[in-house]
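Structure, as structure tokens:
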Amino acid sequence: MSEGTEMGQVIRIDEARIRDHLGEMVRGTVEETLNAMLDAEADRLCGAARYERKEGRQDTRAGSYERTLQTQAGDVTLKVPKLRRQTFETAIIERYRRRESSVEEALIEMYLAGISVRRVEDITEALWGTRVSPSTVSNLNKKIYAKIDAWRNRRIEGEHPYLYLDGIVMKRSWAGEVRNVSLLVASAVNSEGFREILGICEGAKEDKSGWSAFLRHLVDRGLTGVQLIISDACRGLTESVSEYLPQARWQRCMVHFYRNVFSHVPATKVREVSHMLKAIHAQESRDAADDKARVIVENLRAARMHKAADLIELNVHETLTYYGFPDIHWQKIRTNNPLERIMKEIRRRTRVVGAFPDGQSCLNLAAARLRHIAGTSWSAKCYMNMRPLYQPETIQTEAVA
């Protein structure tokens, strides 16, 4: 063996062991310092040192309990003093509580933001050096689902003139088979012009019984002041609306209506017919829109697209209800797009699951996502100016002046 090789073996350093040793030294120093601070804080609260007898002593020790605190140096064990007459409070423990709470909130936010359980484990290990187990995430979910259930059944305050309704179909396991389950969702614009997610319920399918139960649920919770309902032409929905919200008018989603018409149009003519339909909804008044619709029906019949012409002639009036409301609102109340975007978020979050074990788990996860969206800037920004709806005379007077 050469001299160079022997020297290389002599000076070789096990860096891993040194790092571990230094880490233990730092961790031990941090632990010793923090416990000394806790003892000093207990002495100050008692007005005397441990075992010291003197006048003016305000309290005595009653032992201690251990608590693990996560630090950058690693986990340290704190011996927290207990006092006989007063509660021991210190900034160190408060910092621990804040950290514990922030970690829990971060886990919940990651899960609700669409991150899978396995990915949550990887992220927590990278951030905090501790891998959170699936059972921990599951326990956190139980805690948040209790809050979600309370949120789903909260009281609806104030008036909501514009109500958006839609449904989404999910997959669930049932007796060894995969079946469909519908989730019915409602969002609205309140009297102050802010958007709200009012509720979500499970329905076997989007029929009258399912929509009736959902609307009854909303009305029982305090839904009032609805002037316009925006949705697609689901038969069960329209029948239920007249029963539970008889004073409200119904606006058929313009985009869904276009799709219905396109199903009766040759592929080469879709673009042309699309321009025709858009021309109807680009008119300045309801009368002008009706006149334009009649012209287009005649043009479609001349082009031998009779089914499309019949559909427009019979049902286009359902898409023109928005003309009875302030023109400043037309663009936002003639389609169901505001709610459609939220439904896409639900699909994105639930896509990773596939088939749910039951309808309740499907409902919980979708509701969790809705609650998350409701807590963002989505609901904090004013969506509409509602003065033209409630004070049209004032607006007209200002315009004349």
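The values are calculated or read from the model by the stated rules, or taken from the named source; none is laboratory data. Remember, predicted model here, so these are calculated numbers, not experimental data. Heads up, the Cβs are rebuilt from the backbone with ideal geometry, glycines too, and the neighbour counts pull from every protein chain shown. The area values use the complete protein model at the heavy-atom level, side chains included, leaving out ligands, DNA and RNA. Shrake-Rupley method; radii C 1.70, N 1.55, O 1.52, S 1.80 Å.
Key figures
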| quantity | calculated |
| --- | --- |
| Any hit, the stretch 254-270, residues being part of a helix (DSSP H, G or I), surrounded by 15 or more Cβ atoms within 10 Å (Cβ to Cβ) and of a type in the set (S, T, N, Q) | yes |
| Residues satisfying the stated conditions in the stretch 239-253, i.e. open to solvent by 20 Å² or more (accessible area, probe 1.4 Å), touching a helix residue (DSSP H, G or I) at 6+ places or on another chain (Cβ under 9 Å), assigned to a helix (DSSP H, G or I) and not aromatic (Phe, Trp, Tyr) | 239, 243 |
| Candidate set from the stretch 226-238 (those that are not polar (S, T, N, Q) and not in a loop (DSSP other than H, G, I, E, B)); member that is most open to solvent (accessible area, probe 1.4 Å) | 235 |
| Flag for residue 163 being part of a strand (DSSP E or B) and modelled with pLDDT of 90 or more | yes |
| Residue in the stretch 121-137 that is in a helix (DSSP H, G or I), modelled with pLDDT under 95, surrounded by fewer than 19 Cβ atoms within 10 Å (Cβ to Cβ) and of a type in the set (S, T, N, Q) present | yes |
| Residue list for the stretch 188-209, restricted to those being touching a Cys at 6+ places or on another chain (Cβ under 9 Å), not acidic (Asp, Glu) and not in a strand (DSSP E or B) | 193 |
| Residue satisfying all of: in the stretch 285-325; among the charged types (D, E, K, R) and touching a residue at least 40 places away in the same chain (Cβ under 8 Å); nearest to residue 249 (Cα to Cα) among these | 318 |
| Considering residues of the stretch 210-225 that are assigned to a helix (DSSP H, G or I) and aliphatic (A, V, I, L, M) only, the residue surrounded by the most Cβ atoms within 10 Å (Cβ to Cβ) | 215 |
| Test: residue in the stretch 332-341 that is more than 18 Å from the chain's Cα centre (by Cα), over 30 Å from residue 150 (Cα atoms) and free of Cβ contacts under 8 Å to residues at least 24 places away in the same chain | no |
